[in-house]
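So the structure is just underneath, and the comments pick up after that.
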Amino acid sequence: MFRMKNSIRENNSILVLSEIINRPEISRAMISELTGLNKATVSEIVRRLIEDDYVIEIGPGKSTSSGGRRPILLTVNKKAGISISFDVRYDRISYLITFLDGEKIEYTIEEKNIDKENIVDLITVVVEKYKAEYLDCPFGIIGVTISIHGIVHEKQIDFTPYFNLDEIDLVGILEEKTGLTIHIENEANLSALAEAAFDYEHHNIVSFSAHTGIGAGVIMNDQLYRGFRGKSGEVGHTVLYPNGTACPCGNQGCLEQYCSTTAVIKKFRLLKGNPDLMFEDLIDAYHQKDSSTLNMILQFAKDFGIGLMNVIGNYDPEVVYINSELLEEIPELISLLQHYLSMTIYKKVPLKQSLLGRQASLYGATVVNLKEFLHVDNVEFNMNIEKVLEV
Ligand SMILES: [Zn+2]
């Protein structure tokens, strides 16, 4: 399928390639300095990486302080392959196509009810289109990763509370149809990988996602922590109100029955006695300082804060990224939540708005594709975040 000539599983090659992919440009001498490999070894590895289309030379850099020849700079051959990411929730499918450096080729969102009947075709159509379009590209499609708003374990979807994807072997079916290796991962886990790929400073990150459900992705010492059965970070199913609203997980009073965006909209409709109200109406009512809406949002913030502190208490992260449409529209809630934390032992944990918003899980899926394809441990994107968020 792919015209990859040599495997790059060999350790030193991986080391060299990770240094190249994590920087916009780098010289052989610099690689030698960073990896501790001698210059001859680096040159030989680079020669093979260039021959196999992983890396290209981009011309001379600045001369060193001691004068002498200007070093030839190297960069990853970003156009040698493409990555495909999907994000699948019960009411929407979105996808992101990028080159190997994360540069966007296409980003599309389709509002649509998703179920086990239509998901395979929706994904296959996109994959086949790009397979044909990039037929002449050295590596073609380097990977397809699907973000699932539910629990995922060992390539199977274990639990999708609001739609029936857990009834099919999605990966098996798609691999057979497309002939490609397909990866799946939980949405919050992928969001955490994405935040980590853009945040070079922190190594212990929690990404707290609140959309149709609630989940947290946990990065510990630069590694994603999944738990034994893929259920780490299932904070949406921690109990907020014993004997409260029944949850599809089997418990009652779970956080996501009160604080997911879906739950908040539902509550707003009940409050106003109008089942047709939408998310935008809720935001309008808040900005118009409608008193019952303000009270509802204040209660939401208190509940959300409890969920947040439960996660922080479990994983003790350096920083928490919050990924929620509601908090994106009402950013002052972040300050309020930070104020709640300031009254507790968690006062030093900074809360930040997600860097990537609704594209987070898609970029996380791109990270998975790159890691699997290049056999590198970590991926850092050297992209301007504003450029990433351009649609
Ligand atoms: Zn639950």
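The values are calculated or read from the model by the stated rules, or taken from the named source; none is laboratory data. The model shown is predicted, which means the values in this text are computed figures rather than measured ones. With ideal geometry, Cβ positions are generated from the backbone for all residues, glycine too; neighbour counts draw on all protein chains shown. SASA here: full protein model, heavy atoms, side chains in, ligands and nucleic acids out. Shrake-Rupley method; radii C 1.70, N 1.55, O 1.52, S 1.80 Å.
Output the relative contact order of the chain, whole-number percent, from Cα pairs under 8 angstrom with separation of 6+ residues.
Once normalised by length, the contact order is 17 percent.
Tell me the relative contact order for the stretch 11-76 as a rounded percent, counting alpha carbon contacts under 8 Å between residues six or more apart.
36 percent
So how far, in whole Å, is the C-alpha centre of the stretch 324-391 from the one of the stretch 31-108?
23 Å
So which of Lys79/Lys129; Lys104/Lys371; Lys104/Lys387; Lys78/Lys371; Lys112/Lys387 end up more than 20 Å apart, counting from Cα to Cα?
Too far apart for the 20 Å limit: Lys112/Lys387.
Count the DSSP beta bridges whose two residues both fall in the chain, then state the antiparallel fraction as a percent rounded to the nearest 5.
The answer is about 60 percent antiparallel.
What does the accessible area of Glu57 come to, in Å² to the nearest 10, when a probe of 1.4 Å is used?
About 100 Å², rounded to the nearest 10.
What accessible area, in Å² to the nearest ten, does a 1.4 Å probe give for Glu117?
Glu117 has an accessible surface of roughly 130 Å² with all protein chains in place.
Rounded, prolate or oblate: pick one for the stretch 162-256, where a ≥ b ≥ c are the square roots of the eigenvalues of its C-alpha gyration tensor, a/c under 1.5 means rounded, and failing that, prolate if a/b is larger than b/c, else oblate.
Judged from the Cα gyration tensor, the stretch 162-256 comes out oblate (a/c at least 1.5, b/c at or above a/b).
Please identify the chymotrypsin sites (Phe, Trp or Tyr not before Pro) of the stretch 207-242 that satisfy two criteria: DSSP loop assignment and at most 14 other Cβ atoms within 10 Å. Which are they?
Filter output for the stretch 207-242: Phe228.
At 1.4 Å probe size, what's the solvent-accessible area of Glu185? Round to the nearest 10 Å².
10 Å²
Using a 1.4 angstrom probe on heavy atoms only, work out the carbon and sulfur share of the accessible area of the stretch 174-222 in %.
Here it works out to 42 percent.
Let me have the relative contact order for the stretch 200-354, percent, based on Cα pairs under 8 Å that are six or more residues apart.
Relative contact order here is 25 percent.
Counting helices only, and only those DSSP H runs with n ≥ 4, report the 222 nm mean residue ellipticity of the chain as the sum of -39,500 (n - 2.57) divided by its residues, in deg cm²/dmol to the nearest 500.
When only DSSP H runs of four or more count, the value is -12000 deg cm²/dmol.
Pairs of lysines 8 or more apart, or on different chains, with alpha carbons under 24 Å: count those in the stretch 200-354, would you?
So the count of such lysine pairs works out to 11.
Check each of the trypsin sites (Lys or Arg not before Pro) in the stretch 264-352 and keep only those in coil by DSSP with at most 12 other C-beta atoms within 10 angstrom; list them in order.
Lys289, Lys347, Lys348
Could you order His203, His237 so the one with the most accessible surface comes first? Probe is 1.4 Å.
His203, His237
If one computes the Cα centroid of the stretch 226-276 and of the stretch 136-176, what distance in Å separates the two points?
Using only Cα atoms, the two centres lie 24 Å from each other.
Just in the stretch 105-185: which trypsin sites (Lys or Arg not before Pro) are loop by DSSP and have at most 12 other Cβ atoms within 10 Å?
Listed in order of number, the matching sites are Lys112.
Which helices pass in the chain if a helix is a full DSSP H run, must span at least 30 angstrom along its long axis by Cα, and must have mean Kyte-Doolittle hydropathy not below 0.0?
Passing helices, by number: 291-315.
Would you list Lys78, Lys39, Lys231 from the most to the least accessible area, probe 1.4 Å?
Lys39, Lys231, Lys78
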